[in-house]
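Colleague: Right, I'll just put the structure down here and ask away after.
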Amino acid sequence: MPLTDAQIERYSRQIIVPRVGGHAQERLLAARIILCGEARGLEPVLAYLAGAGAGKIALRIAGGGPGAAELAAAMRSLNPDSAVAADAPADFTAAVPNLVFAIIGGAAAASGARAMCESLARVPSVVARLDSPARIGVFPAPPPCPACTGDLLAGEFGASAGIDGVVVMLAAVEAFKLLAGYDPNPRAALIEFDGYTSHTRDPARNHACACASIRP
C-alpha cells in the first residue's frame, strides 16, 4: 500500500537513507514479526522496531513470565502504524511471519528461541545471544538456520558478555535490514564479539539439521 503523506513525514529521516526509500518503508509497514526473549531485554528492540514502522509485532516472553502486556501497552502511543500484541491474536498468526527475532539472555530465553526457530525453520531469523562470547546470527533464507550454528540455540547459558546493549541494538539493525530489503542478496552471517570488537563469518550448514531439506 502506498505511503500516506503523514507516513512520508513520519519516516522521512529513514526514507532518505540510501538503499531504504519508500519501497523499503512499505515493506516494514507490512511486516509481521515474532519477537521472543526476556521482557527486560526486549523493550529497546521493541521501541526501535515500532518506531521504525514495523507493522505487527507478536511478543513471546521467555518462560511465560509477566511483562508482555506492559510492554505492548507502552508501545501503543509510540507509533500508530505499529501494532504490538502480547497474546498474538489470530490476525497476527494467520500468516507466516516475515521474521523471527530472538534475544537470548538466559536459559529460558534459549529454550523459547529454540522452539520458535525449529517450528518456523523456513522463516528468516535474527538471533542474538548475550552470554560470552556474545554473537548474532543472521539467517535471511534458510538453510542454514539458527540450529545449524552449534551453540547459538543449544548449550548451557554462561556468564554475560557485559555488552548487552550493544549486541541487542546491532541485532535490531540487522532485523531492520532484512525486513526493509536493504540488501537485495543478503547472506547468512554469524557476528562474534571479543569485547566490543566483532568479526563476521559465514555460518556452517549442518546437513543433519532439519533445515537441510529446504532448498537454498
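Values in this text are rule-based calculations from the coordinates and carry no lab data. Values in this document were obtained by computation on a predicted structure and should not be read as measured data. Cβ: placed from backbone, ideal geometry, glycine included. Neighbour counts: every protein chain shown.
Colleague: Once you have the Cα-Cα distance between residue 16 and residue 43, take 0.36 nm times their residue separation minus that, and quote the gain in nm to one decimal. Let's see the in-between values first.
Modeller: Working: separation 27, 0.36 × 27 = 9.72 nm, distance 2.62 nm.
Between residue 16 and residue 43, full extension yields an extra 7.1 nm.
Colleague: So if R0 is 30 Å, what FRET efficiency would residue 95 and residue 115 give, r being the distance between their Cβ atoms, rounded to the nearest 0.05?
Modeller: Numbers: r = 20 Å, r/R0 = 0.66.
Efficiency, from the Cβ-Cβ distance: 0.90.
Colleague: Right, something else. Quick check: from the Cα gyration tensor, does segment 126-198 come out rounded (a/c under 1.5), prolate or oblate?
Modeller: Here segment 126-198 falls in the oblate category.
Colleague: At what distance in nm do the modelled label points of residue 197 and residue 151 sit from each other, each positioned 7 Å from its Cα along Cα→Cβ?
Modeller: 2.0 nm
Colleague: With the contact rule set at Cα under 8 Å and sequence spacing of 6 or more, what percent relative contact order holds for segment 5-213?
Modeller: 19 percent
Colleague: Give the label of the value calculated from the structure for volume of the Cα convex hull per residue in Å³, choosing from (i) 202; (ii) 157; (iii) 121.
Modeller: Read-out taken from this structure: (iii).
Colleague: How many nm is it between the label spots at residue 213 and residue 187, if each spot is 7 Å from the Cα in line with the beta carbon?
Modeller: Here the modelled spin labels are 2.9 nm apart.
Colleague: If I stretch the segment between residue 77 and residue 169 completely, what's the gain in nm (0.36 nm per residue apart, minus their alpha carbon distance), one decimal? Each step should come with its number before you reach the end.
Modeller: Values: separation 92, 0.36 × 92 = 33.12 nm, distance 2.14 nm.
That pair, residue 77 and residue 169, stretches by 31.0 nm at full extension.
Colleague: Roughly what angle does helix 39-52 make with the longest principal axis of the chain, taking Cα atoms, 0 to 90 degrees, to the nearest 10?
Modeller: 40 degrees
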